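Below are the structure tokens for one structure; questions will follow.
The values are calculated or read from the model by the stated rules, or taken from the named source; none is laboratory data. Keep in mind the model is a prediction, meaning the values are calculated, not measured. Virtual Cβ from ideal backbone geometry, glycine too; neighbours counted across all protein chains shown. SASA here: full protein model, heavy atoms, side chains in, ligands and nucleic acids out. Shrake-Rupley method; radii C 1.70, N 1.55, O 1.52, S 1.80 Å.
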Amino acid sequence: MPPVQIQIVIFAVIAAVVLFQLYNVLGKKVGRQPEEDARAKPAPTAAVSDQTAGRPNVLDAVTLASIAGLKARDPAFDPVRFLEGARQAHETIVRAYAAGDRETLKPLLTPTVMASFEAGIAARETRGETEVAEFLQPARADLEQASAEENRATAKVRFLAELRNTVTPADAAAEPRIEERRVAELWTFERTLGASDPNWVLARTEPAAA
């Protein structure tokens, strides 16, 4: 194998195993990182699409087929409106987790996910650190699947986001740590069909392909 191809393979393997350090329950690094972009030669300006602006895709036939089961049980389910709400929930949850805002998180998460996030928040508080998460641009949201089983509806959304995390150590003399990264995550939302509360809650997070 030529040396250039070997280097490409090595870089691909490294990129695949680098985890999202501060949000170890919320995804992993993907694609070119901001520090790489800073070193790269500027590219010609291109028009910004709805995708890069954070707006959801027009749903294709495969996605529409994947949500047919939920639509049969809940004809009022609007996938485009759902994606907009999911993207807003994603941003709220990421910011609240960084800030340790338990009151904001609690109604948006299942008890299992809340317990996991609580552990991460408590560990950060024990270290005496504070953290702020910023979105450098609106996240992209793609509906992967939506289904219904018995009285529970589930929907999986793949998010691609570019974040800046600023962590301030307990030592006032220490410099804050700032890191910018791109992450890909698959979030599973769920809700109870026929319940008086129509809101979805986050039931699971896992890494996703870019």
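With respect to the numbered conditions (1) open to solvent by less than 20 Å² (accessible area, probe 1.4 Å); (2) over 22 Å from Pro207 (Cα atoms), which one is the sole condition not fulfilled by Ala65?
Looking at each condition in turn, Ala65 falls short on (1).
Return yes or no: is Ala115 of a type in the set (Gly, Ala, Ser), at pLDDT below 95 and exposed (fewer than 14 other Cβ atoms within 10 Å of the Cβ)?
It is false that Ala115 is of a type in the set (Gly, Ala, Ser), at pLDDT below 95 and exposed (fewer than 14 other Cβ atoms within 10 Å of the Cβ).
To continue, here is another question. Out of everything in segment 186-201 that is open to solvent by less than 40 Å² (accessible area, probe 1.4 Å) and touching a Ser or Thr at 6+ places or on another chain (Cβ under 9 Å), what residue ends up being farthest from Gln137 (Cα to Cα)?
Checked segment 186-201; the qualifying residue farthest from Gln137 (Cα to Cα) is Arg191.
On to the next question. Tell me which of these Val183 doesn't satisfy, since it passes every other one: (1) part of a strand (DSSP E or B); (2) in contact with a Gly (Cβ under 6 Å, 6 or more places away or on another chain); (3) open to solvent by 40 Å² or more (accessible area, probe 1.4 Å).
Exception for Val183: condition (3).
Another question, if that's okay. Identify the single condition in (1) part of a strand (DSSP E or B); (2) open to solvent by 30 Å² or more (accessible area, probe 1.4 Å) that Ala173 does not satisfy, given that it satisfies every other one.
Only one criterion is unmet by Ala173, namely (1).
Pull out all pairs, ordered by first then second residue, where Cβ-Cβ is under 6 Å, the residues are six or more apart or on different chains, the first lies in segment 180-209 and is over 14 Å from Val94 (Cβ atoms), and the second is polar (S, T, N, Q) and surrounded by fewer than 16 Cβ atoms within 10 Å (Cβ to Cβ).
Thr192/Asn151; Leu193/Asn151; Val201/Thr110; Ala203/Thr110
Please determine whether any residue of segment 97-105 is modelled with pLDDT of 95 or more, of a type in the set (D, E, K, R), open to solvent by less than 70 Å² (accessible area, probe 1.4 Å) and closer than 22 Å to Leu193 by Cα.
no
Name every residue in segment 89-127 that is in a helix (DSSP H, G or I), aliphatic (A, V, I, L, M) and within 20 Å of Leu163 (Cβ to Cβ), in order of residue number.
Of everything in segment 89-127, those that are in a helix (DSSP H, G or I), aliphatic (A, V, I, L, M) and within 20 Å of Leu163 (Cβ to Cβ) turn out to be Ala89, Ile93, Val94, Ala96, Ala98, Ala99, Leu105, Leu108, Val113, Ile121, Ala123.
Examine segment 124-136 for a residue that is over 21 Å from Arg204 (Cβ atoms), touching an Asp or Glu at 6+ places or on another chain (Cβ under 6 Å) and either loosely packed, with under 15 Cβ neighbours inside 10 Å or without any contact (Cβ under 8 Å) to a residue 12 or more places away in the chain (or both), and state whether such a residue exists.
Yes - at least one qualifying residue is present in segment 124-136.
Can you find a residue in segment 139-160 that is over 21 Å from Thr205 (Cα atoms), out of contact with any helix residue (DSSP H, G or I) (no Cβ under 8 Å at 6 or more places or on another chain) and not in a helix (DSSP H, G or I)?
So far as segment 139-160 goes, yes, one or more of its residues are over 21 Å from Thr205 (Cα atoms), out of contact with any helix residue (DSSP H, G or I) (no Cβ under 8 Å at 6 or more places or on another chain) and not in a helix (DSSP H, G or I).
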